[in-house]
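Peer 1: Quick one: the structure is below, and I'll ask about it shortly.
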Amino acid sequence: MKLCGVYFNENLPKWQKMLINTRAILTAFIAINFISIPSTVALIKVWGDLTLVIDNLIVNVPFTLSTCHFITMCYKKKEIIELFYEIKNDWAEKKTEVERKIMVRATKISQLITRYAYILVLIVIATHNLPFWILGIVPRTHTNITDGDQPLIAQTIYIYDLNVDMYYKITAIGQTMSSLIVGISYTTTGCIFYTFILHVCGQLQILRIHMEKIFEHCNNKTELDDEIVTKLIKSTVKRHQRIIKFVEVMESAFNIMFLQHFIAVTVMLSTEGFLVISILVGEVEVPVAAMVFTILYILYCASMTLIYCTGGQFLIENSIAVYQAAYNSRWYNSNRNCRVELLMIISRAQKPLLISIAKFAPVSLSSFANLIKTSASYMSVLMAVKS
């Protein structure tokens, strides 16, 4: 997010904060003024032609979505900083070798997912922009409704004359810069979420280990053993409460963002899937570069959504495993008070921790399956309308 002007560090001098805020405003200005607004104006003008509308949405929707994500990240900056500090504190705590390996493994998986996401988005951006700059190929349907003598990468309408060579070049550069800003900003938001998810799942796995070993000191049933178990239960409850608070802060920061994402991805998958089918059956003629870009774009949208839903499902399963670990522990060796305290832990852990889509549904694999079904049904509606 540094490239986009967002920096999660409060311990900075005022001049540096002003510089970062200025950079954030500048990047948002470039994306909104070069793509979002001109593309929306073009959408109004081509409304009624299904192929041209889909060509517009393939750029307009992700730019609008990414701008909303960018604004949300800036607005929820305090919550994001709080989560990063919690991760820092978890790493600073003393831990066993097993616990350290769990946290390192979560970090490595997060790094792999981040690299995959950035490589994929850069390939998508390159496929969309390089044919234009190298071969002069526009990766969409050319139309005289919005395009002049020199068509641009995106279907847009501007208030100035694009037939002037200088204006045309500046606009083309601005559109490519906007693509980079939006792609990196959107991908970074997803990677930050997945990093948080993997960290909290690692903490739940550590908590599960503690729960399984909590009654190992009760073999002799002495008063000293009971005191040790009581202290262990208290520390376990505090750790569990900290994890619950971490997830609640995540929920507050990301739930509206996921509502935006699922609505936008449903529209994009249905429209772009319809476009691919139309190209394959010969109803729409576009350059090969446009076909490749559309397929990669669908793959990127589906991959990012699957990453989110896999992370959400992983969180649900790990939170449920906590109460199972408590039940499978040697609670029968403890006294009555310890059993009552353990029952409270089990009762709370039975309610799974989850990230919701604006409180409507959990971010999980079932939600991903419903998204694919909904997109396919909308795609069939578009095909019926076209025929």
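The values are calculated or read from the model by the stated rules, or taken from the named source; none is laboratory data. Bear in mind the structure is a predicted one, so any value in this text is a computation, not a measurement. Neighbour counts run over all protein chains shown; Cβ positions are idealised from the backbone, glycine included.
Peer 1: Starting from region 204-215, keep only residues that are over 18 Å from residue 315 (Cα atoms) and touching a residue at least 60 places away in the same chain (Cβ under 8 Å), then list their pairs with residues that are among the aliphatic types (A, V, I, L, M) and part of a helix (DSSP H, G or I) whose Cβ atoms are within a distance under 6 Å, requiring at least 6 positions of separation or different chains.
Peer 2: Going by the 6 Å Cβ cut-off, the qualifying pairs are 212/325; 214/232.
Peer 1: Would you confirm whether any residue within region 146-156 is of a type in the set (Ser, Thr, Tyr) and surrounded by fewer than 21 Cβ atoms within 10 Å (Cβ to Cβ)?
Peer 2: Quick first cut of region 146-156, residues of a type in the set (Ser, Thr, Tyr) only: 146, 156.
The next check asks that each one be surrounded by fewer than 21 Cβ atoms within 10 Å (Cβ to Cβ); those that pass are none.
No, that holds for no residue.
Peer 1: For a quick check of your reading: which helices (runs of 4 or more DSSP H) sit entirely within region 285-387 and have at least 2 residues that are at pLDDT 90 or above and under 30 Å from residue 62 (Cβ atoms)?
Peer 2: On the way: elements: 288-328, 336-349, 365-386.
Correct list: 288-328, 365-386.
Peer 1: Just to be sure I understand the filter: pairs with C-beta atoms under 8 Å, separated by 6 or more residues or on different chains, first member in region 228-248 and touching a residue at least 12 places away in the same chain (Cβ under 8 Å) and closer than 13 Å to residue 337 by Cβ, second member among the acidic types (Asp, Glu) and assigned to a helix (DSSP H, G or I). Which pairs pass?
Peer 2: Correct list of pairs: 230/341; 233/341.
Peer 1: Of these, 380, 278, 364, which one is under 31 Å from the mean Cα position of the chain (by Cα), under 23 Å from residue 154 (Cβ atoms) and either buried (at least 18 other Cβ atoms within 10 Å of the Cβ) or not β-branched (Val, Ile, Thr) (or both)? Walk me through it before giving the result.
Peer 2: Numbers: 380 fails: under 23 Å from residue 154 (Cβ atoms); 364 fails: under 23 Å from residue 154 (Cβ atoms).
Answer to the check: 278.
Peer 1: If we keep just the residues of region 132-171 that are of a type in the set (Gly, Ala, Ser) and closer than 18 Å to residue 293 by Cα, which is farthest from the chain's Cα centre (by Cα)? First the steps, then the outcome.
Peer 2: So the first thing to find is which residues in region 132-171 are of a type in the set (Gly, Ala, Ser), and the list is 136, 148, 154.
Going one step further and asking which of them are closer than 18 Å to residue 293 by Cα, we end up with 136, 154.
Numbers: 136: 33, 154: 24 Å.
My answer is 136.
Peer 1: Now for a different question. Taking the residues in region 102-145 that are modelled with pLDDT under 85 and of a type in the set (Ser, Thr, Tyr) as candidates, determine which candidate is surrounded by the most Cβ atoms within 10 Å (Cβ to Cβ).
Peer 2: If we filter region 102-145 for residues that are modelled with pLDDT under 85, which is where we start, we get 135-145.
Among the residues that remain, those that are also of a type in the set (Ser, Thr, Tyr) are: 141, 143.
Details: 141: 21, 143: 16.
Ranking the candidates gives 141 first.
Peer 1: So, one more: Of (1) under 30 Å from residue 70 (Cβ atoms); (2) surrounded by fewer than 22 Cβ atoms within 10 Å (Cβ to Cβ); (3) modelled with pLDDT under 90, residue 249 satisfies all except one. Which?
Peer 2: Result: residue 249 fails condition (3) only.
Peer 1: Only one of these conditions is not met by residue 293: (1) touching a residue at least 40 places away in the same chain (Cβ under 8 Å); (2) surrounded by fewer than 21 Cβ atoms within 10 Å (Cβ to Cβ); (3) more than 30 Å from residue 207 (Cα to Cα); (4) of a type in the set (A, V, I, L, M, F, W, C). Which number is it?
Peer 2: Every condition holds for residue 293 apart from (2).
Peer 1: Only one of 233, 209, 192, 214 is more than 27 Å from residue 38 (Cα to Cα) and in contact with a Leu (Cβ under 6 Å, 6 or more places away or on another chain); which? Can you show your working first?
Peer 2: Details: 233 fails: in contact with a Leu (Cβ under 6 Å, 6 or more places away or on another chain); 209 fails: in contact with a Leu (Cβ under 6 Å, 6 or more places away or on another chain); 192 fails: in contact with a Leu (Cβ under 6 Å, 6 or more places away or on another chain).
Checking each option against the conditions leaves just 214.
Peer 1: If you check 308, 300, 327, which single one turns out to be among the hydroxyl-bearing types (Ser, Thr, Tyr) and over 25 Å from residue 188 (Cα atoms)?
Peer 2: On the way: 308 fails: over 25 Å from residue 188 (Cα atoms); 300 fails: over 25 Å from residue 188 (Cα atoms).
Testing whether each residue is among the hydroxyl-bearing types (Ser, Thr, Tyr) and over 25 Å from residue 188 (Cα atoms) leaves just 327.
Peer 1: Next question. Return only the number of the condition from (1) touching a helix residue (DSSP H, G or I) at 6+ places or on another chain (Cβ under 7 Å); (2) of a type in the set (D, E, K, R); (3) touching a residue at least 40 places away in the same chain (Cβ under 8 Å) that residue 161 does not satisfy.
Peer 2: (3)
Peer 1: Then there is this: Of the conditions (1) β-branched (Val, Ile, Thr); (2) farther than 25 Å from residue 115 by Cβ; (3) without any contact (Cβ under 8 Å) to a residue 40 or more places away in the chain, residue 322 clears all except one; give me its number.
Peer 2: Unmet for residue 322, out of (1) β-branched (Val, Ile, Thr); (2) farther than 25 Å from residue 115 by Cβ; (3) without any contact (Cβ under 8 Å) to a residue 40 or more places away in the chain: (3).
Peer 1: Moving on to the next point. State all residues of region 140-186 that are in contact with an Asp or Glu (Cβ under 8 Å, 6 or more places away or on another chain) and assigned to a helix (DSSP H, G or I); if no residue qualifies, say none.
Peer 2: 167
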